[in-house]
Amino acid sequence: MSVNPGFGGQSFIESQGVNPWIEVDGGVTPKNAYKVIEAGANALVAGSAVFGAKDYAEAIRGIIKPAKGL
């Protein structure tokens, strides 16, 4: 966090640096995960893509496998 959570209007905490960890949450699937990573994401949230799949493990592999090649 670049501010203490809870309310707006706070000053940026310089000691936290300016190299944020980028997490993408929403619409991530095995078909587009590599594009999200190529765009700069460090972490992906794939709730519906995993929990809506018949096979959770296969869905997770479908997201991780292309990411390993980047």
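Where a number appears in this text, it was derived from the coordinates with a stated rule and is not lab data. On a predicted model such as this, the values are computed, not experimentally measured, just so you know. Methodologically, a virtual Cβ is constructed for each residue, glycine included, from the backbone with ideal geometry; neighbour enumeration extends over all protein chains shown.
Counting other C-beta atoms within 10 Å, and keeping those with at most 16, which DSSP coil trypsin sites (Lys or Arg not before Pro) do you find in region 6-70? Display every interim value, and only then the final one.
Values: sites: Lys31, Lys35, Lys54, Arg61, Lys68; in loops: Lys31, Lys54.
Those that pass, being in a loop and sparsely packed, are Lys31, Lys54.
Looking at Gly17, Ala41, Gly69, which one has the Cα that reaches farthest to the positive end of the dipole of the chain (charges on Cβ: Lys, Arg +1; Asp, Glu -1)?
Going by the charge dipole, the pick is Gly69.
To the nearest 0.05, what FRET efficiency results for Lys35 and Asp55 with a Förster distance of 30 Å applied to their C-beta separation?
0.85
Angle, helix 56-68 long axis vs. longest principal axis of the chain, Cα atoms, 0 to 90°, nearest 10?
70 degrees
Which chymotrypsin sites (Phe, Trp or Tyr not before Pro) from the chain combine a DSSP loop assignment with at most 16 other Cβ atoms within 10 Å?
Here the chymotrypsin sites (Phe, Trp or Tyr not before Pro) that fit, given the DSSP loop and packing criteria, are Phe7, Phe12, Trp21.
Let me test this: with uniform point scatterers at the alpha carbons of the chain, what is the Debye-based log₁₀ I(q)/I(0) at q = 0.12, 0.26 1/Å?
The Cα Debye sum returns log10 ratios of -0.44, -1.08.
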